[in-house]
Amino acid sequence: LALAVACAGAGGGAPPPPTPAAAEYCARLADLSETDPIAIIAHAYTRYMGDLSGGQVLSRCASKLFGSGEGLTFYDFECDDAAVFKEEYRRALNDLGLTDAEKSEVVAEANVAFVLNMRIFEELDVMG
């Protein structure tokens with residue numbers, strides 16, 4: 001992500017300010033980091049697994065807006081078999097030893113993360 005931000009400001013200026021949806025997403029993560037760090041698991045799962053599953057489509061959308069280049073390497077995954085990786089990722093999450101209440105919390109927050117991500121992609125769609 002740091003590379004993507006750096007590339008956004010590669011013309012010599014600062015990166016553009018975040019869109020309203022991106023700012024809302026960042027505020028949510030900042031709040032959770034202080035108040036409910038376990039819930040961030042939901043955001044990692046939603047973003048990472050979503051990008052792994054649909055990243056090529058999203059990468060094409062982003063490249064239409066921002067051009068191709070290093071800033072889109074976020075969508076490049078270095079794994080030989082995506083299905084195997086996703087299975088191992090899910091297994092690792094299941095092995096975290098969360099209580100039933102924490103699991104429910106993570107699932108509920110995953111729904112919030114999905115909505116926040118959709119708002120970002122809707123903005124990108126309008127921008128494109």
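Ranked by the mean number of other Cβ atoms within 10 Å per residue, highest first, peptides 109-119, 86-96 order as 109-119, 86-96.
Taken one residue at a time, the phi angles of the range 95-105 give Karplus couplings (6.51, -1.76, 1.60, θ = phi - 60°) of 8, 5, x, 6, 6, 4, 5, 5, 4, 4, 5 Hz. Gly and Pro are set to x.
The numbers here are math on the coordinates, done by the rules we state, and not lab data. Note that the structure is predicted; figures quoted are calculated from it, not measured. Neighbour counts run over all protein chains shown; Cβ positions are idealised from the backbone, glycine included.
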